[in-house]
Amino acid sequence: MNIITYPEKSTWADLLKRPTLQTESLRETVLEILNRIKFEGDKAVRDYEEKFDKVQLDSLQVSETEIAESDKKVSIELKAAITLAYKNIHTFHAAQVFQGKKITTLPGVTCWQKAVPIEKVGLYIPGGTAPLFSTVLMLATPAQIAGCKEIILCTPPNKEGKIHPAILYAAKLAGISRIFKAGGVQAIGAMAYGTESIPKVYKIFGPGNQYVTAAKQQVSLRDVAIDMPAGPSEVAVLADETANPTFVAADLLSQAEHGVDSQALLITTSETLLKATMQEVERQLDVLPRKEIASRSLAASKLILVKDMDEAVAMVNEYAPEHLIIETKDYLEVSERIVNAGSVFLGYYSPESAGDYASGTNHTLPTNGYAKAYSGVSLDSFIRKITFQEITPEGIAMIGPAIEVMAANEQLDGHKNAISVRLKKES
C-alpha cells in the first residue's frame, strides 16, 4: 500500500482519485455490445456469453428444476445464515414503508402523495470471481416489499452453464423465480431493451465492474432508469490511536479482495497505528485465499496520515466513500460531522462485512464519489411517489388570484385563463 504523510489540501484531488480504465476504449466496447443486444436480442446475448463467460447456452432462462435443485446443493449452515440475513434485511426495509399524509395548505386546498411500486424491475447480480448471493437479498427483498409486479434477475453462469446454487437459493427465498443466465454489459442491455427471452424493465438495479457501470449509465440516457452509478467497491477507515490495527487491516483487506479495481483507504491521525496497520496488512494478506486479487487492489490503495481529526473528517467528506468505518474513541461525535458517505460503520465492532451480509442495511451503495449526490438502495428505490391535489371552490378563491398574477408575469395567459374561468363561475 502507498503511505502518504501530511498531504497538503491542494494535493487531495489527485491523492483521492480512484483507479480507472481507459474511458474511451471502455465506452466504445460498451456501445458496441449494447447495439448488438438491441438489434439481435438473444443471439447477441448468447454470443457474448460464449465470448466472455466461455459458455454455450441453449436457453437463457434458469429452469424451475435448476432452482429446485439448488436447495440440495447449499449447506444447512449457509441456508441458516442466508435466512438470518434475509430476515434482518426484510425487517430494516419494511420499516421504510412510506406513510402519506393529506395536507391542507389553505382552506379548500388539499395535497398528498401516494407511493406506488415500479412495475418492472431488473436485478443484476455480479458473478465474476465471487458469486454475490448476498446482493440477491439486498435487491430482491425491498423489491418484494415494495410490491413490484415483475422482478427479473440476471447473473453470469459458470463455464458449465450453471448459476451458483447459493444465488438460486437466495432468489427463491426472496420470491424471485425469473432468473436469466447473462452477465456484464449484455445483461444490462437485455434488461434495458428486452430480448426474445429477457423482458424489458423500467429500472435496473445492481453493482458491477466499470463496464457494467458504463453500460448502466449509457442505457439510462433514454431507455431505462438505474439505481445509481455503482462501480468497483471501496472502503475508507477513519481511525485514531485507539483503533486496533488488526481490525483495521482486516477491514481494508475485506474490500481489497473484492476485485483488482477495488480501493481501500486508511485515514488516520496516528503514525503508530499507520505503521502497525501496514504490518498487519502484510501478515493477513499472506494467508488470504484471494491474495493475488487483494494485492493488485492494494497497489491503488493508500494509508494516509493527517494532522488532526478535523483534517481527517474533511478528507473523508471529500473522498465520499461507499463504505466508511469510524474506529475512534469518540466515533459517535465524529460521525455527526460526516456528510458524504454511502454507509457508515461505527466503533470497533462494526465491520463493513456486517452491512455486506446480515445487519439489515443495504450494501448496494454509490461509489466513485457519487455518495455526494446519491443514496444507497432502499425501499424508496423501488417506488414512485405520485402527488395528488383536490381544490374546492373555496380553495380556488383562496389561491386563484395569486396564480393569475404569477401566470400573467410569466406571460402564460393560458395558465391564467384556466384560473380566471373558474373564478368567474364562482363569483
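The values are calculated or read from the model by the stated rules, or taken from the named source; none is laboratory data. Worth saying up front: this structure is predicted, and the values here are computed from it rather than measured. For neighbour counting, all protein chains shown are included, and Cβ atoms are generated from backbone atoms with ideal geometry for every residue, glycine included. Only protein heavy atoms, including side chains, enter the accessible area calculation; ligands, DNA and RNA are left aside. Shrake-Rupley method; radii C 1.70, N 1.55, O 1.52, S 1.80 Å.
Being of a type in the set (Lys, Arg), free of Cβ contacts under 8 Å to residues at least 40 places away in the same chain and surrounded by fewer than 16 Cβ atoms within 10 Å (Cβ to Cβ): is that true of residue 425 here? Spell out the reasoning first.
Numbers: of a type in the set (Lys, Arg): yes; free of Cβ contacts under 8 Å to residues at least 40 places away in the same chain: yes; surrounded by fewer than 16 Cβ atoms within 10 Å (Cβ to Cβ): yes.
So residue 425 fits the description; yes.
For the list (1) farther than 24 Å from residue 95 by Cβ; (2) within 14 Å of the chain's Cα centre (by Cα); (3) open to solvent by less than 80 Å² (accessible area, probe 1.4 Å), I need the number of the one condition that residue 361 fails.
Just one mismatch for residue 361, condition (1).
Which one of these does residue 51 not meet: (1) in a helix (DSSP H, G or I); (2) more than 30 Å from residue 261 (Cβ to Cβ); (3) free of Cβ contacts under 8 Å to residues at least 40 places away in the same chain?
Result: residue 51 passes all but (2).
So which residues in region 227-249 are more than 24 Å from residue 294 (Cβ to Cβ), surrounded by fewer than 22 Cβ atoms within 10 Å (Cβ to Cβ) and modelled with pLDDT of 95 or more, if there are any at all?
240, 241, 242
Check residue 36 against each of (1) surrounded by 14 or more Cβ atoms within 10 Å (Cβ to Cβ); (2) within 17 Å of residue 127 (Cβ to Cβ); (3) not polar (S, T, N, Q) and name the one condition it does not meet.
Single failed check for residue 36: (2).
Quick grid of which residues meet (1) among the charged types (D, E, K, R); (2) open to solvent by 80 Å² or more (accessible area, probe 1.4 Å); (3) under 25 Å from residue 130 (Cβ atoms):
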{"site": "8", "(1), (2), (3)": "yes, yes, no"}
{"site": "42", "(1), (2), (3)": "yes, no, no"}
{"site": "63", "(1), (2), (3)": "no, no, yes"}
{"site": "67", "(1), (2), (3)": "no, no, yes"}
{"site": "80", "(1), (2), (3)": "no, no, yes"}
{"site": "110", "(1), (2), (3)": "no, no, no"}
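What tally of residues in region 250-275 results from selecting those that are over 22 Å from the mean Cα position of the chain (by Cα) and open to solvent by less than 30 Å² (accessible area, probe 1.4 Å)? Quick ask: steps written out before the conclusion?
Of all residues in region 250-275, those over 22 Å from the mean Cα position of the chain (by Cα) come to 250, 266-275.
Restricting the remaining residues to those that are open to solvent by less than 30 Å² (accessible area, probe 1.4 Å) gives 266-268, 270, 273-274.
Residues in region 250-275 being over 22 Å from the mean Cα position of the chain (by Cα) and open to solvent by less than 30 Å² (accessible area, probe 1.4 Å): 6 in total.
What is the number of the single condition among (1) free of Cβ contacts under 8 Å to residues at least 60 places away in the same chain; (2) open to solvent by 40 Å² or more (accessible area, probe 1.4 Å) that residue 151 does not meet?
Of (1) free of Cβ contacts under 8 Å to residues at least 60 places away in the same chain; (2) open to solvent by 40 Å² or more (accessible area, probe 1.4 Å), only one is false for residue 151: (2).
If residue 177 meets every condition in (1) in contact with a strand residue (DSSP E or B) (Cβ under 8 Å, 6 or more places away or on another chain); (2) open to solvent by 40 Å² or more (accessible area, probe 1.4 Å); (3) under 27 Å from residue 72 (Cβ atoms); (4) not basic (Lys, Arg) apart from one, which number is that one?
(1)
Residue 285 - would you say it is surrounded by fewer than 19 Cβ atoms within 10 Å (Cβ to Cβ) and modelled with pLDDT of 95 or more? Working first, answer last.
On the way: surrounded by fewer than 19 Cβ atoms within 10 Å (Cβ to Cβ): no; modelled with pLDDT of 95 or more: yes.
Criteria not met by residue 285.
In contact (Cβ under 8 Å) with a residue 12 or more places away in the chain and either among the aliphatic types (A, V, I, L, M) or assigned to a helix (DSSP H, G or I) (or both), is that true of residue 70? Steps first, answer last, please.
Numbers: in contact (Cβ under 8 Å) with a residue 12 or more places away in the chain: yes; either among the aliphatic types (A, V, I, L, M) or assigned to a helix (DSSP H, G or I) (or both): yes.
Here the answer is yes, as residue 70 does meet what is asked.
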